[in-house]
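Input: a single structure, listed below in structure tokens.
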Amino acid sequence: MRDPEENRGENKSFSEGSLKFEWLNSEEAAKFLRISVKALRNMTSNGQLPYYKLGRRNRYRKDELETLLRSQKRGQYGN
């Protein structure tokens, strides 16, 4: 039986005022970050990733994951 929370192919976004958030489930977040779901869960439980609980499921805001990636920059381009 298909999990009703796993709405694949549907736009999962939420508007708050003029801001629009795109929500990802664990599989989608892992794919976006190009890591395994297990690594995502480890990072979540270690407090390295921001997440939200919806029942027993974790949800991730795509904009927060993008911000996290940008904040982890190492090195410089060009010398």
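All of the numbers you see were taken from the coordinates with simple rules; none came from a lab. A quick note: this is a predicted structure, and the numbers were derived from the prediction, not measured. Note that we place each Cβ from the backbone using ideal geometry, even for glycine, and neighbour counts take in every protein chain shown.
Can you list the chymotrypsin sites (Phe, Trp or Tyr not before Pro) in region 28-79 that are in a DSSP coil and have 16 or fewer other beta carbons within 10 angstrom?
Details: sites: Phe32, Tyr51, Tyr52, Tyr60, Tyr77; in loops: Tyr51, Tyr77.
Loop-located and lightly packed - Tyr77.
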Checklist outcome for this item: The answer for the net charge of residues other than Tyr52 whose Cβ lies under 9 angstrom from its Cβ, with Lys and Arg +1 and Asp and Glu -1, is +3
Next on the checklist: Taking 25 Å as R0, compute the FRET efficiency from the Cβ-Cβ separation of Ser36 and Tyr77 and round it to 0.05.
Outcome noted: 0.30
Checklist entry - At Glu22 and Lys62, where each label point lies 7 Å from the Cα along Cα→Cβ, what is the point-to-point distance in nanometres? => result 0.1 nm
